[in-house]
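Trainee: Dropping a structure here in structure tokens format, bear with me for questions.
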Ligand code: NDP
């Protein structure tokens, strides 16, 4: 029996255990997926091996620490320095990132996306920004503080904090902050968001399972919007393929993960 887990703080809200266990159960894959509340990022690797895990997902706020904890990082995660999926490969910790491709899957129905504004500058923002740039999409990043913006500037994103933000026209605005996850706060001052939402066609939130204050505002502005459920599905399918070493069919993983959304 293989054991998997998700590390986060908070982690109680995570639907990853339901999603992966639904796949394992229906496809007779001998594995179980739990959740682990991790307060200290520096204990990630130690805890992973103490729990004898075969693999794990990492969520807020440990994704950048997960990158540092890995013995080897592969693919897109290496480019962005952010890891959301861990694999135990013969006692070595291998890191991947499945968030960005999960999000691209999620916004497939939004057409003609050329200019994106990302609100937030954490691990998820990095993954999305760099992936969008790869698709030749113009990326602007707005964060409440300036410290993390240098990273995005280096890659050619237009960056600003709340104080020096200047409005432009966007096709899509994405909230990647944790504002609204456990509280009812907006990811930026309301007047700023109103101005932004008046100048975009679509809105999306990485948070799932609720209509966040940000999405409520988008709804008031009559925008087409979506929460993070499809992103969750997209990143989960890709993570599950890594966990099961490509032995399960993508369509079947997707089917049983979607089924778990009804629980
Ligand atoms: P990080 O902790 O790496 O980054 C959080 C960012 O949010 C930082 O830029 C921080 O700003 C900003 N922030 C935090 N609180 C507030 C607030 N109250 N107001 C404004 N800005 C705020 O988090 P992650 O990138 O890992 O995750 C972000 C969110 O995305 C989480 O809610 C997570 O659940 C969700 N998520 C969903 C996924 C899905 O599959 N649907 C996948 C991945 C993430 P500062 O730099 O100033 O501290």
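Trainee: Rg and Dmax in Å for region 65-116, alpha carbons only: what are they?
Mentor: 13.9, 45
Trainee: Return the tail of the calculated pair distribution for the chain, meaning the percent of Cα-Cα pairs more than 22 Å apart.
Mentor: Details: 18549 of 34453 pairs.
Result for the distance tail: 54 percent.
Trainee: How big, on average over all directions, is the shadow cast by the Cα convex hull of region 127-263, in nm²? Let's see the in-between values first.
Mentor: Numbers: hull surface 39.7 nm².
If you wrap the Cα atoms of region 127-263 in a convex hull and average its projections, you get 9.9 nm².
Trainee: Measure nothing but the geometry: give the 0 to 90° angle between the long axis through the Cα atoms of 16-26 and the longest principal axis through the Cα atoms of the chain, rounded to 10°.
Mentor: Once rounded, one gets 50 degrees.
Trainee: Counting other C-beta atoms within 10 Å, which of 50, 63, 114 has the fewest, and how do the rest follow? Can you show the working numbers first?
Mentor: Numbers: 50 9, 63 28, 114 12.
Ascending Cβ contact count within 10 Å gives the list 50, 114, 63.
Trainee: Using a simple spin-label model with points 7 Å from Cα along the Cα→Cβ vector, what separation in nm is obtained for residue 13 and residue 247?
Mentor: Those two pseudo-labels are separated by 3.4 nm.
Trainee: Before anything else, pin down the relative contact order of region 101-227: Cα pairs under 8 Å, at least 6 apart, normalised by residue count, whole percent. List each step's numbers first, then the result.
Mentor: On the way: 214 pairs, mean separation 27.8, N = 127.
Contact order relative to length: 22 percent.
Trainee: Multiply the residue gap between residue 263 and residue 210 by 0.36 nm, knock off their C-alpha separation, and tell me the result in nm, one decimal place. Mind dumping the intermediate values first?
Mentor: Details: separation 53, 0.36 × 53 = 19.08 nm, distance 1.49 nm.
Difference between extended and current length: 17.6 nm.
Trainee: Which order, highest average first, do 253-259, 85-91 follow once you tally other Cβ atoms within 10 Å for each residue and take the mean per peptide?
Mentor: Values: 253-259: 18.6, 85-91: 17.0.
Top to bottom by mean Cβ count within 10 Å: 253-259, 85-91.
Trainee: Relative contact order for region 1-147 using alpha-carbon pairs under 8 Å, separation at least 6, rounded to a whole percent?
Mentor: Numbers: 245 pairs, mean separation 26.5, N = 147.
It rounds to 18 percent for region 1-147.
Trainee: Related question: Could you state the angle between the C-alpha long axis of helix 229-243 and the longest principal axis of the C-alpha atoms of the chain, as a value from 0 to 90 degrees rounded to the nearest 10?
Mentor: 30
Trainee: Just from its helices, what would the mean residue ellipticity at 222 nm be for the chain, if runs of 4 or more DSSP H residues each count -39500 (n - 2.57) and the sum is divided by every residue, rounded to the nearest 500 deg cm²/dmol?
Mentor: -10500 deg cm²/dmol
Trainee: Would you work out the relative contact order for the chain, in percent, from Cα pairs under 8 angstrom that are 6 or more residues apart?
Mentor: 17
Trainee: Still on this structure, I have one more. With springs only between Cα atoms under 10 Å, which of 116, 207, 196 fluctuates most in a Gaussian network model of the chain?
Mentor: 196
None of the figures in this text is laboratory data; all of them are computed from the coordinates on show. These figures come from a predicted structure and were not determined experimentally. Please note: Cβ atoms are built from the backbone with ideal geometry, for glycine as well, and neighbour counts cover all protein chains shown.
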